[in-house]
Each structure stands twice: as structure tokens, then as C-alpha cells.
Amino acid sequence: MYGPKAQDQGMAHHLVQLGPIFLRKIRKLTSIADGPLQRLSTIIVDSLTHRLLSPIQGLAGALIKPSDYFEQSCLRAARYNFANLSPYLSTGFVTINQATMEAVEDERFILLRPVELQVVHIVDLSCSATHPWQWLKLLHDFRRRPKGPPELYLTFVHDDDEFLASMKALLSKEAESLEVSFHFISVMGRLETLDLSNLHSTFKIKYGAAAAISCALQMHGLLVVDDNLSSTGIAQLQQMFNFTQPKQMASSVCSPSSTLNYIQTPSPPCHIPKLLARLLSAIRALKPNIMVIMEQDADHNALLFHDRFVEVLNYYAALFDSFHAVLLPTHRGLMSAYEWKG
């Protein structure tokens, strides 16, 4: 990983002068068909190229990002393959389901058509990370409850109408075979485009229903800080690089948990982005029984570019290594998952 890390410091210290030199060195390592280091280097080169050129007005916007030109069907396949290949997501989905079921277990039953029936409404805010396996398993888990299954409402937020249609057909068929009363509600869009003025109406949550919110791998995106560099941004980046030096020196002599790492370079105050604050406030107004969030075990939104870069590099290196350890490099699903993560 020396090459990519050296490139990062080259950008921070001499953004324009040394950046292209390091890029050429890293590009010699890149390959989409070799080991995890080569695959990751390919992605790193593309990302750092965009970063390097971002101060040049008009040029960065003209660069083609391959991920922007994936067809929806390719994206669906890549996401599906990634979820199937990764044990991390399935473990997270099981945890979300278990926590949700425990939170609504003792919720009172309400009178409905004139039978006492528990009504549970779950809102999935996972958007592109949504996977049918999670909800198929939940249907089976509810069916096995000693008290029997509730009347279940599932609201999905997603920007792919074909995906929503296939999810509705799949879950409705499974619910019918399990004799679970099931209602599918779709909301077209993403978290950034939700109408937050009245989520009760947007999600169609009935009065008296036990409500739960599930969100996988989406909240970190709302923490992103827009740090597109202007001409003055290069000087700011130089200051950021200088600021990291005491922190790196402290880290080299202290254990990660030592408070000495924070005495010399205290963390800047945390400011919650407005969109995230508004979303959480709107969700709080719903008064759900539980909100369960699954996120990456990495801080991809640190204030300093250097910190973000190192965190991302280490995180995806470990992820790619784990895939490479259990699958053949030519595995078709692995190839599409790599391309999507890039």
C-alpha cells in the first residue's frame, strides 16, 4: 500500500507538482484482473485523478466517471452479488431483524376488522443497499412467532422502480405462501430527496401500528462534506497536511486508545450536516419503537482529506483481501462487485 499512501501525501504537500508523478507510479500496479492490491490500485488511481484535477475549473466536471454510466440492471446485479458474497451484510441484516422483532414483541394489539391483530410497520431506508433476503427471512421469522405473525406493512425507499416492482412480487408471493397478511408500500427516491415535512403520510404509517426503521449503509453518505477545491483550496489543503503532522507523530509513540493522541491535536467540533439533522428530526417525530442502523466500520467522513484517504484505503484493502481469500479472482459475481464498489 506504499504507492497509494505516498500519492496521498504527494497531493497534500505538493498537489500539482508531485501528484502526476505518483499517479504514474501507482498506475503500474493497477489491474482489474489480478490480485486485490492491483484491483484497489485501479480504483485509487481513478479517484485521485479526479481529486487532483478538481481545482481546475471546468476540467474535473468533464471527466467521465464509469460508475455514472452503469445501467440499472448492471447496478442491481452488482449489488446483489456483493450482498451474496459478503458475510458481513447478511450478519447485519439478521441483527436488524432480531432487534426489530424484539422491539415490537410486546406491542399492544389493536382492534382491526373486528379482530384483535398486531400491526407492525417497518420502513426500510437502505435504498441501494436493500436486499430481498433480509425481508424474506423476516417474513419467516414472524411466521414462527408463538403469537403468530402480525399484519405487516413494509415501506421501501428506492430510486429504481423495476427493483421495487420485483421486490413487491417476490415478497407478496412469499407472504401469501406463509399466510402472512402483508402490504408493500414503495416510495420512489433517495434519502436526499425525501419530503421530510410529514413522514407519517409519506410512509403511510397507520395510527396505532408498531413502527420500526431499518437503515443499512446510507447514513454515512449524509455526512459527506463538500470539499471541492477552489484555487484557494490548495492552500487550505497544505494547511490540512501540516495539521496532520503532530497527530501522526503522536500516533507513532502512543497506543490508539491513549488520550495522549488527542491532547496535542483535539478533534474539531462536530457539526451535524443539515440534511442529516432534518432527517433524524423527522424520524424522531414518527416515534418509532426502534431505529436500527448498520454502517461500515470506518470513518470515511473525517475532516481531513489525509485521514479520509487512509481510512478508505485500509477499509477497502481488508474488504478486497477477504473476497480474494475465499473466491477465485475470475468469479463473475466478484468482478461485478469490484466494479460497483469502484
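FYI, it's all coordinate maths here, none of it is from the lab. What you see is a predicted model, and the numbers here were worked out from it, not measured in a lab. Don't worry about glycine lacking a Cβ; one is built from the backbone with ideal geometry, like all the others, and counts go over all protein chains shown.
For the reader, a short list of remarks on this structure follows.
- DSSP assigns beta bridges within the range 88-210; of those with both partners inside it, close to 20 percent run antiparallel.
- Sites residue 47 and residue 314, calculated FRET efficiency, Cβ-Cβ separation with R0 22 Å, nearest 0.05: 0.90
- Theoretical FRET efficiency, 1/(1+(r/R0)^6), r = Cβ-Cβ of residue 143 and residue 206, R0 22 Å, to 0.05: 0.55
- 3J(HN,Hα) from dihedral phi, the range 196-211, Karplus parametrisation 6.51/-1.76/1.60, rounded to Hz, x for glycine, proline: 8, 5, 7, 5, 4, 6, 4, 8, 6, 7, 7, 5, x, 6, 6, 10
- Remark: spin-label model distance residue 321-residue 71 equals 3.7 nm, labels positioned 7 Å along the Cα→Cβ axis.
- Under a 5 Å amide H cut-off, with hydrogens placed 1.01 Å from N, residue 211 pairs with 121, 289 among residues at least 5 apart or on other chains.
- Backbone amide hydrogens, once placed in the peptide plane, bring residue 159 within less than 5 Å of 189, excluding anything fewer than 5 places away on its chain.
- Modelled label positions at residue 274 and residue 181, each set 7 Å beyond Cα in the direction of Cβ, lie 4.3 nm from each other.
- Between residue 223 and residue 297, the contour length at 0.36 nm per residue exceeds the Cα-Cα span by 25.2 nm.
- Listed values for the range 304-311 are Karplus-derived 3J(HN,Hα) couplings in whole Hz (6.51 cos²θ - 1.76 cosθ + 1.60, θ = phi - 60°), namely 8, 4, 4, 5, 5, 4, 4, 4, and x replaces Gly and Pro.
- Length added when fully stretched, residue 90-residue 102, from 0.36 nm per residue minus Cα-Cα: 2.5 nm
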